[in-house]
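Trainee: This is the structure, below, for whatever I ask next.
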């Protein structure tokens with residue numbers, strides 16, 4: 001019984017000792033607008049980072065210098081973009097063709113479709129093809 005009293009008194013003493021180091025936390029409600037604004041800001045920063053990464057490539061910098069654009073000034077202007085502008089530019093970078101004109105690709109696609117329909121016998125456009133039918 002004596003051990004139980006000693007243990008209990010040591011436990012209470014330790015509890016009083018550690019209660020001084022407990023910090024209080026204050027929590028407040030935040031609005032959904034604040035959450036949306038912080039999400040937009042973080043996505044805007046990610047978009048700016050993607051744009052700067054694209055501008056940091058050597059071939060892009062060489063093309064900018066050839067057109068008389070200072071790469072450092074271009075990066076400064078990217079930093080000055082609003083979140084919406086950065087998102088638009090980043091989307092254009094993602095959707096841009098990798099190395100050419102989309103018009104040429106469309107012409108090649110139309111040619112291949114017409115050639116295939118000519119070979120299958122649905123059309124007779126090209127004189128150098130023979131129909132399967």
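Throughout, read-outs are computed from the coordinates displayed, never taken from laboratory work. Quick caveat, the model's predicted, so the values are computed rather than measured. Quick reminder, even Gly has a Cβ in these numbers, built from the backbone with ideal geometry, and neighbours come from all protein chains shown.
Trainee: Based on the Cα coordinates of segment 31-96, what is the per residue volume of their convex hull in Å³?
Mentor: Cα-based convex hull of segment 31-96, divided per residue, equals 77 Å³.
Trainee: Further question on the same structure: Could you give the nm distance between label points at residue 53 and residue 8, where each point is 7 Å from its Cα heading toward the beta carbon?
Mentor: 6.3 nm
Trainee: Using the basic label-point model (7 angstrom from Cα toward the beta carbon), what is the residue 126 to residue 80 distance in nanometres?
Mentor: Each label point is offset 7 Å from its Cα along the Cβ direction, giving 5.2 nm.
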